[in-house]
Protein chains: 2
Amino acid sequence: MTVLKPTAQPLYQQVKQHLVHRVLTGEWKPGQLLPSEFKLADEYGLSQGTVRKAIEDMASEGLVTRQAGKGTFVTTHDGDYHPFRFHRFYSDQGERIAKDEAVLVSSSPAKADTRIAKGLDIRKGTAGCKTVRIRQLHAEPALVETFFLIDSICPGARDFLEQENPKSVYLFMERHYNLLITKVLEQLRARSATEQEAELLNLEPGTPVLEVERIAYSLGGEAVEWRTIVGATDHIHYRNELG
Amino acid sequence: MTVLKPTAQPLYQQVKQHLVHRVLTGEWKPGQLLPSEFKLADEYGLSQGTVRKAIEDMASEGLVTRQAGKGTFVTTHDGDYHPFRFHRFYSDQGERIAKDEAVLVSSSPAKADTRIAKGLDIRKGTAGCKTVRIRQLHAEPALVETFFLIDSICPGARDFLEQENPKSVYLFMERHYNLLITKVLEQLRARSATEQEAELLNLEPGTPVLEVERIAYSLGGEAVEWRTIVGATDHIHYRNELG
DNA sequence: CAGTGGTCTAGACCACATC
DNA sequence: ATGTGGTCTAGACCACTGA
């Protein structure tokens, strides 16, 4: 690894950035095996330990997964491991919501409104696709999930969604667009249910509901999905562990 | 470090556990300097690198803080660093709530009700101290904070609280009881404001409010505080970053 | 069996803090 | 000048995987 300036970043961080870039550009796709530490160390002309530190950093951020005796793999949402790592809704008995399939309500072309445009940092009116689905608990509607995907990033999403109705949108984005979601930002509010929500969730109009507004960021740091998740919290709650 | 069984945990994990125990028992108190890596390596009869890995683990968990050229310190909530690391409420302009002082409403002896007892994993009726405070935004009441401390863990808390009215309860617990809060579990719900809440927050009765129910755990993993934070979310929200 | 990641050692040099 | 944590190297042995 060529060090242009002696005051530059540590070598292992340079290696890490380069490896992240190689994952990003699709050199190794989700689920695929990376070269071993020794091979990468040879390639970069560094010691194994330095490359190891770069990879350990990536692993701690969830970008890759390491398995002793096998190798280092690009993380996929496909495995048993992190299918719904961003879902924070639980029933009061401790079950995770969203294991079951989502019920598709509607999926249609849409233009970004002010709120969506602000969240995704795009221009108002940008073309996209808006989808509404319902998550159930014990066969009862529990949550309304509304998400917006940008046409220029996820072309043809509407057709794919109607064909597949995937359990996990992020797995769907990974498969079709090679977008790996690594970070989401959520803003939570309490408000009264709208008429549409009351109808979809079998609630009295005006019932207090919890609204989660979420922006999802891909590996490159680009905002790629806007979403709200809305539901009454009589039998479910949003769980958060800090520290 | 004596290895009794060759199949035991890695040495650095054994060292880490032992160091955590020494912090827990107060050998080094919050803010104090730990011995250097070399001294600890000597003490345990290991190489510096092994001790380093143990300490890096502790640092990544926030238990200690490292500073090049100075040393490794037991983390304290006192410094500039993490005064309100568990506060997730922001105004819609992005300001953090709870910078200002909290307004003390009441502080009185209380017995754990069913909900508190369940949260803290103690018997119903356990003696403690219940305190209600208000957090303001721009001199307007924004959040009602209600917390319960157990007498056997925090004796005399009521007197201390009335004397000091501390900005941060966790800093207060650290100073008086050597309890370092490292983890909290929060459950969020939307519901209607109670009469008392409506009065304290200048709301119409029945307004939807966000309720955060929090259990705080000390370094040893013991549940030491139960709390709710309640407020309307017209101008503020709960922010959560995942991944 | 060879290859992988996981652990551990013993050295080296650096930038930074403190005195 | 000394001591600290931060980086980097070059070796070693281990447990596990898979052919």
Highest mean first, how do A:50-56, B:62-68, B:141-147, B:47-53 rank when packing is the count of other Cβ atoms within 10 Å averaged over residues?
B:141-147, A:50-56, B:47-53, B:62-68
Per residue of B:203-211, count partner chain C-beta atoms within 10 Å of its C-beta, then hand back the mean as an integer.
4
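Quantify how much of the Cα-Cα distance distribution of the range B:89-238 extends past 26 Å, in percent.
Distances greater than 26 Å cover 23 percent of the Cα pairs.
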Integer Hz, Karplus 6.51/-1.76/1.60 couplings in order for the range B:224-231, x for Gly and Pro:
10, 8, 10, 8, 10, 10, 10, x
At q = 0.08, 0.11 Å⁻¹, what log₁₀ I(q)/I(0) does a Debye calculation on the Cα points of the protein assembly as shown give, no solvent, two decimals?
-0.61, -1.13
Amide H of residue A:225: which non-local residues (sequence gap of 5 or more, or other chain) have their own amide H closer than 5 Å, using H built in the peptide plane?
A:216
Whole-angstrom gap from the range B:141-157 to the range B:20-52, using each part's C-alpha centre
33 Å
Using every alpha carbon pair in the range B:11-74, what percent of pairs falls into each 10 Å bin from 0 up to the bin containing the largest distance?
24, 63, 14
Lys and Arg at +1, Asp and Glu at -1: add these up for the other residues within a Cβ distance under 9 Å of residue B:89 and post the number.
+4
Built amide H within the under 5 Å cut-off of residue A:76, gap 5+:
A:31
Once residue B:151 and residue B:235 are pulled to full extension, the length gained, defined as 0.36 nm per residue separation minus their Cα-Cα distance, is 26.6 nm
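Accessible area per residue for the protein assembly as shown in Å², computed with a 1.4 Å probe and the full protein assembly in place, what is it?
49 Å²
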Partner chain Cβ atoms within 10 Å, averaged over the residues of B:187-199 - can you pull that number for me?
5
What's the average, rounded to a whole number, of partner chain beta-carbon atoms within 10 Å of each residue's beta-carbon in B:223-233?
1
In sequence order, calculated HN-Hα J values of the range A:125-132 (Karplus, 6.51, -1.76, 1.60; Hz; x Gly/Pro)
x, 4, 6, x, 9, 10, 10, 10
Whose amide H sits under 5 Å from the amide H of residue A:142, counting only residues 5 or more places off or on another chain, with H placed in the peptide plane?
A:135, A:136, A:137
What residue among A:93, A:237, A:178 has its Cα farthest toward the positive end of the dipole of the range A:89-238, where the charges are +1 on Lys, Arg and -1 on Asp, Glu, each on the Cβ?
A:178
Mind jotting down the distance between the C-alpha centroids of the range B:161-221 and the range A:171-233, whole Å?
26 Å
Under the Karplus relation with 6.51, -1.76 and 1.60 and θ = phi - 60°, whole-Hz ³J(HN,Hα) for the range A:67-76, x at Gly and Pro, equal 9, 4, x, 10, x, 10, 10, 5, 4, 10
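The values are calculated or read from the model by the stated rules, or taken from the named source; none is laboratory data. Being a predicted model, the structure only gives us computed values, none of them experimental. Cβ sites come from the backbone with ideal geometry, for glycine too, and all protein chains shown count toward neighbours. Ligands, DNA and RNA are excluded from the accessible area calculation, which covers all protein heavy atoms including side chains. Shrake-Rupley method; radii C 1.70, N 1.55, O 1.52, S 1.80 Å.
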